[in-house]
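Asks: Sharing a structure, written as C-alpha cells. Questions coming.
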Amino acid sequence: MPAPMRYVQDSTDFPASADVVIIGAGIAGSAAAWELTKQGLKVVVVEKGLVAGEQSSRNWGWCRQQNRDERELPLIIHALQRWGELQEETGEELGFRRTGLVYATRDDSEIAAWDNWGKMAKTYGVRSDILTAEQAKTMTPGSTTLWRGGVSSPTDGHAEPALAS
C-alpha cells in the first residue's frame, strides 16, 4: 500500500513576477523547482489539483539503472546519486531506499540479453549480476514459477512517489 499523500496548502498569494513558472507539482515539477530555487531563481509551481495527485501518485517509484538504454545511464547514475542526497538536503522523508531490483525469467534469450547489458553497464560502473535458477528462486520469495535465471541490480532503488513530490 502506498504512503498517504501529505496535504500541501495552496496559496492565493501570487508573486508579481517569477523567473520560472512550473506547471505540475509531481516529482518532475517539484524536483525542477527545488534545483532552480537553489540556483537563486524565483520559482512558482502551479498545480491543478493535489501535489503528487496525478502520474506521480500512480507510478511504482522505481529508481533503476537495470536494463536502461546506454544513452540514459549517465543521467540515471546522477539521479540515483541525487536521490541519496536529497533527504538530508531537504530535511524531508522522501521514502528513497536502495532496495535493489531483481528480474527473473523462464527465457534463456532474456538472460543472454541481460548478460550483454551487464557487460556494457560495467563500463559505467553499474553492477548487474546474472542469477542462476536457484538464486532467482531465492530472490523471488513466494513465487511458484520455475525460473531459468535472472538478473539483480543491488544498487537500484525505490522512492515513495507521494512523499518524494
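Asks: Which angle from 0 to 90°, rounded to the nearest 10, does the C-alpha axis of helix 73-90 make with the longest principal axis of the chain?
Replies: Taking the Cα atoms of the chain, the angle to 73-90 is about 50 degrees.
Asks: Placing unit charges on C-beta atoms (Lys and Arg positive, Asp and Glu negative, everything else neutral), compute the dipole magnitude of the stretch 1-59 about its Cα centre in debye, rounded to 20. Display every interim value, and only then the final one.
Replies: On the way: 5 positive and 6 negative charges, 29 e Å.
Around 140 debye, computed over the stretch 1-59.
Asks: Counting helices only, and only those DSSP H runs with n ≥ 4, report the 222 nm mean residue ellipticity of the chain as the sum of -39,500 (n - 2.57) divided by its residues, in deg cm²/dmol to the nearest 500.
Replies: On the way: 6 runs with 59 residues, N = 165.
Here the helix-only value at 222 nm equals -10500 deg cm²/dmol.
Asks: Between residue 32 and residue 143, how many nm apart are label points set 7 Å from Cα along the C-beta direction?
Replies: Spacing of the two 7 Å Cα→Cβ label points: 3.7 nm.
Asks: What FRET efficiency comes out for the pair residue 21/residue 120, r = Cβ-Cβ distance, R0 = 45 Å, nearest 0.05?
Replies: Numbers: r = 40 Å, r/R0 = 0.88.
Efficiency for this residue pair is about 0.70.
Asks: Counting only C-alpha contacts under 8 Å and six or more residues apart, can you give the relative contact order of the chain as a whole percent? If you can, show how the numbers build up before the last one.
Replies: Working: 256 pairs, mean separation 49.4, N = 165.
Relative contact order, the chain: 30 percent.
Asks: For residue 82 and residue 41, compute 0.36 nm times the residue count separating them, minus their Cα-Cα distance, and round to one decimal in nm. Walk me through the intermediate numbers first.
Replies: Numbers: separation 41, 0.36 × 41 = 14.76 nm, distance 1.98 nm.
Result for the pair: 12.8 nm of gain on full extension.
Asks: Let me ask something else about it. Which value, in Å³ per residue, describes the convex hull spanned by the Cα atoms of the chain? Write out the running numbers ahead of the final one.
Replies: Details: hull volume 22.8 nm³, N = 165.
Cα-based convex hull of the chain, divided per residue, equals 138 Å³.
Asks: If you don't mind, there's one more thing I want to ask. When the Cα centres of the stretch 146-165 and the stretch 121-142 are compared, how far apart do they sit, in Å?
Replies: Going from one Cα centre to the other spans 11 Å.
Asks: Here is a further query. Among 142, 39, 27, which residue has its Cα positioned farthest towards the positive end of the charge dipole of the chain, with +1 placed on the Cβ of Lys and Arg, -1 on the Cβ of Asp and Glu, and the dipole taken about the Cα centre?
Replies: 142
Asks: Further, regarding this structure: Kirkwood hydrodynamic radius of the stretch 37-121 from all distinct Cα pairs, in Å?
Replies: Values: mean 1/r = 0.0618 Å⁻¹.
Final number for the Kirkwood radius of the stretch 37-121 is 16.2 Å.
The numbers here are math on the coordinates, done by the rules we state, and not lab data. Only a predicted model underlies this, so the values are computations on that prediction, with no experimental measurement involved. Reconstructed Cβ throughout: ideal geometry from the backbone, glycine too, with neighbour counts over all protein chains shown.
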